[in-house]
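Let me begin by presenting the structure, written as structure tokens, before commenting on it.
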Amino acid sequence: MSRTSRLPVSLLRVAACTGVAALTLTACGSGSGSGTSSAGSGSVKVGLITKTDTNPFFVKMKEGAEKAAKENGVQLSTAAGKFDGDNAGQVTAIENMVASGVKGILITPSDSKAIVPAIAKARAKGVLVIALDTPTEPQSAVDALFATDNLKAGQLIGEYAKAAMKGKTAKIAALDLAPGVSVGVQRHNGFLKGFGATDKDVVCAQDTGGDQAKGQTAMENCLQKEPGINVVYTINEPAALGAYTALKAKGREKDVLIVSVDGGCTGTRAVKDGKIAATSQQYPLKMAAEGVKAVVTYAKDGKKASGYTDTGVTLISDKAQAGVTSKDTAYGLDNCWG
């Protein structure tokens, strides 16, 4: 999803690969120059296309796919965009993977609608296509979806924020993702549903692209528009940390409630440190591992995965609220990613 990023050691190899700006099949990792990032000895090929290669969420997703590919003896080719929203790059990656003979493609769509024609062409050639994390629009454009219930993730932090406000009048800022991305819409709508609010109750809404620096700028803009903001919904934890930085600069970090979604290790530590009140934790490694297994099953017996598989979400907070089920940051840190 839309999440930002620090660069783990594994990504240094990615940076050392071909300097092409366009999204392509990489020849990094344990594979040879065939564009295989993780390979087994079998002939079954699986493709993984993520939004970026630098976001910890997608790094963990790739790790899950690599581990599952090794365990199942299949070849894994990977590709990632230059930025979150690089639909053209993802189209190229799909075309390259189909040409290379993959049996299935796992993809986190950067643009839920614009990617559909490319997916349709792949499926027409017998390739199983599974969306991870982000549904396509329509969802039926892919064979199956393995993802967090993003509406529920938003609803959990909305319910938490409502309970934590204890009847005080809320002035809500929404630091969203970007137009056209279903994950952002679902989390936003889920938050409002959980809080019992509508868009009319949001005093300031800004797109952040899930980026920390843009999250800070968005929060600064919102504080200029409405200095009395006391609840901040954020699309992800990088945006939340950007908001926290802006609030701290104004001396407001203690009296504004920030809630978010992701459950990365950095974000979960921010919950433990009191910078974020609560976050909804999701599980990218599971999404990818289950996706690889589904392609293996399809290759073996022709059985296609279908419909939606919920890979789980857990509300994480050290300040539990009555009537809202949550787990503490000890649990969150045991299950975080990045």
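Quick rundown of the values:
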| read-out | value |
| --- | --- |
| Nearest-ten-degree value, helix 237-249 long axis tilted from longest Cα axis of the chain | 30 degrees |
| Efficiency of FRET from Cβ geometry, Gln224 and Lys200, R₀ 22 Å, rounded to 0.05 | 0.60 |
| Gain on full stretching of the segment that runs from Ala99 to Glu71 - 0.36 nm per residue minus C-alpha separation | 7.6 nm |
| Rounded to 10°, Cα long-axis angle of helix 150-165 versus longest principal axis of the chain | 20 degrees |
| FRET efficiency estimate (nearest 0.05) - Cβ-Cβ, Thr217 to Lys304, R0 45 angstrom | 0.55 |
| Most positive-pole-ward Cα, Ala270, Thr329, Ala213, against dipole of the chain from beta carbon charges | Thr329 |
| Order by protection proxy (mean Cβ within 10 Å, highest first), peptides 301-312, 79-90 | 79-90, 301-312 |
| Local electrostatic count at Asp176 - Lys and Arg +1, Asp and Glu -1, tallied over other residues with Cβ under 9 Å | 0 |
| Under the Karplus curve 6.51 cos²θ - 1.76 cosθ + 1.60, θ = phi - 60°, whole-Hz ³J(HN,Hα) for the stretch 52-67, x wherever Gly or Pro sits | 9, 9, 10, 5, x, 4, 7, 4, 5, 4, 4, 4, x, 5, 4, 5 |
| Square roots of five times the Cα gyration tensor eigenvalues for the stretch 219-338, Å | 35, 16, 12 |
| Per residue, the convex hull volume that the Cα atoms of the chain enclose (Å³) | 123 Å³ |
| Heavy atoms of Asp334 accessible to a 1.4 Å probe, total area in Å² rounded to 10 | 130 Å² |
| Cut-off 20 Å (backbone N to label point 7 Å along Cα→Cβ of Ala124), residues of the stretch 139-175 | 139-144 |
| Asp273/Ala322 FRET efficiency (R0 30 Å; Cβ-Cβ; nearest 0.05) | 0.80 |
| The chain: angle of helix 182-195 to the longest principal axis, Cα-based, in degrees nearest 10 | 30 degrees |
| Radius 11 Å from Cβ of Gly104, net charge of other residues (Lys, Arg +1; Asp, Glu -1) | +4 |
| Antiparallel bridges, percent of DSSP beta bridges restricted to the chain (to nearest 5) | 10 percent |
| Full-stretch length increase - Ala249, Lys168 - with 0.36 nm per residue and alpha-carbon distance subtracted | 26.8 nm |
| The stretch 127-270 - Kirkwood radius from inverse mean 1/r over Cα pairs (Å) | 15.4 Å |
| Sum of -39500 (n - 2.57) over DSSP H runs of 4+, divided by residues of the chain (222 nm, nearest 500) | -12500 deg cm²/dmol |
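The values are calculated or read from the model by the stated rules, or taken from the named source; none is laboratory data. Everything quoted here is computed from the prediction, not taken from an experiment. Please note: Cβ atoms are built from the backbone with ideal geometry, for glycine as well, and neighbour counts cover all protein chains shown. Protein only, heavy atoms only, side chains kept; ligands, DNA and RNA dropped before computing areas. Shrake-Rupley method; radii C 1.70, N 1.55, O 1.52, S 1.80 Å.
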